[in-house]
Each structure stands twice: as C-alpha cells, then as structure tokens.
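Notes follow once the structure below has been shown.
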Amino acid sequence: MKAMILAAGRGERMRPLTDSTPKPLLQAGGKPLIVWHLQRLKQAGIDEIVINHAWLGQQIEDTLGDGSAYGVHLSYSAEGAQGLETAGGIATALPFLGDKPFLVVNGDVFTDIDFQAAQNIAQTLPENQLAYLWLVPNPEHHPNGDFSLQHNGLILSESTTGQRGTFSGVGIYRPELFANIAPRSIVKLAPLLRQAMQNQQISGAFHQGLWLDVGTPERLQQAHQLAQQGKLAA
C-alpha cells in the first residue's frame, strides 16, 4: 500500500511561524510534524510515500531527502507556490500512487489512527466504495462537524441520523474518485466527497483516540506537550 502526506498548505493561521518554515516542518516533541507520520507509516509497513508541497516546498525536500534516513522511499509532487487544493493535489500525484487504494494523511494532524489497520481496510474495501474516512469527535473549534457516520458504516454529508463527526484528514481513496480531475487543476476535496456520499460510495469509522488539528501556534504547543508525555509512540 502506498501513502500520501498532504503538505502543500500555506499555514496562514500559523503565521508568523510559517513565514519562513513550511507548516509540516514545524516541530513538536523535538521533530517535525511530518516526521511523526513518516515514522508511524514505516512502523505500519508502509514505505512508499508521496508528499505534495507548495509554499516553501523545497525546504521539505531538502530536509527529508529521499526518505532513506527514515527507512522509506519518498516521491515529491511539487505544486508551485499557490497549491492545488486537496483533490487537485491528489489528482496531480496519481502517477506516483498507482491503481490500488491508497492512504492519504493531512500533514498537520497529530494522531494515533492505526495505519497498519488501514492496509487491511484497503485490501477489503468493496469495489463500490470510493473512499474510507476516519471521523473524530467534533473539537471546540469545529463544533458542527463535517459528516455523519451511519449504523451501516456509510458516511453521509447531510443527515439527521447517525453520529456526527469531524473528518480527521486521514482516509483511504480509490484513484477512480479523482479520475475526472485534470492534473494541476485547483479542486477542493469536500465537494467531491459529498457527491460520492450522495451515491453511498463513502464509508468509514469513528476514531476515539488521539487526534489534534495542529492549525494554530497554541495547538502546536499542545502537540509538543502530547509528544513530551509520550502520547504518540514513534
């Protein structure tokens, strides 16, 4: 199984920290946020990893190199200074990701979602399912959530039933979900997912463990404290 780490965000809410450093290279617990992902993916047996980047992206390549220092093989999908949004970025990176379901992880989340279990899920994902998403309990800064997990495992966008949650930024995708997006197009992910949800093509699960959206300096400090407490083994 291959994985992609999304690392193209500008990190506006992190400024001024991100004026000179791309957000995935900001440190928590003595190492860059993105390195936590690399190490946990390696532990899960996933060593073919694609990283997209935009703002100050060359710093990411210069820091991580070919990935051999972490026991993985890295490929880079450079998007230019503006970035392509999530779906556009994934569609552009498809040549690196192959024709089987792949794992995508937001570079700015701090989580213990089980990447090894993700491999098993990918291998058994029904043909009619275009994605499998992990939802998490709604954080204070996003109280209304994104989607609803139904009792049958399907995820719906607008629903009065099921368990409402926030998309964790971690998901398994079939390349077919992005088949109609031209490379280097600027396309957001949420509308694409909502369209597939209308066709009952998205499933998933709730994650009740560690998850933190490291989107502000305050939450970066929280990630640092969690790392120091050993909450995320890597």
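Laboratory data are not the source of any read-out in this text; all were calculated from the coordinates shown. Remember, predicted model here, so these are calculated numbers, not experimental data. With ideal geometry, Cβ positions are generated from the backbone for all residues, glycine too; neighbour counts draw on all protein chains shown.
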I want the antiparallel fraction of DSSP beta bridges within the chain, as a percent rounded to 5. 50 percent
Check the straight Cα-Cα distances from residue 42 and name the aspartates and glutamates below 16 Å, setting aside those fewer than 8 residues away within the same chain. 66, 112, 114
Pick out, from 137, 156, 117, the residue whose Cα sits farthest towards the positive end of the charge dipole of the chain, with +1 on the Cβ of Lys and Arg and -1 on the Cβ of Asp and Glu. 137
I need to check one value: relative contact order of the chain, counting alpha carbon pairs closer than 8 Å and at least 6 residues apart, in percent. 25 percent
Given charges at beta-carbon only (K, R positive; D, E negative), |dipole| of the chain in Debye: 160 debye
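Can you show me the helix-derived [θ] at 222 nm for the chain, built from DSSP H runs with n ≥ 4 at -39,500 (n - 2.57) apiece and divided by the number of residues, rounded to the nearest 500.
Numbers: 6 runs with 64 residues, N = 234.
One gets -8000 deg cm²/dmol as the mean residue ellipticity at 222 nm.
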So which aspartates and glutamates can residue 23 reach, going by Cα to Cα under 13 Å and dropping same-chain residues fewer than 8 places off? 12, 108, 213
Which far-off residues, 5 or more places away or on another chain, put their amide H under 5 Å from the one on residue 76, with H placed in the peptide plane? 51
Mark the label point 7 Å from the Cα of residue 229 along Cα→Cβ and return the residues of the stretch 191-215 whose backbone N is within less than 15 Å of it. 209-213
Find the relative contact order for the stretch 148-234 and round it to a whole percent, using C-alpha pairs within less than 8 Å whose residues are 6+ positions apart. 31 percent
Towards the positive end of the charge dipole of the stretch 2-228, with charges on Cβ (+1 Lys, Arg; -1 Asp, Glu), say which of 68, 96, 56 has the farthest Cα. 56
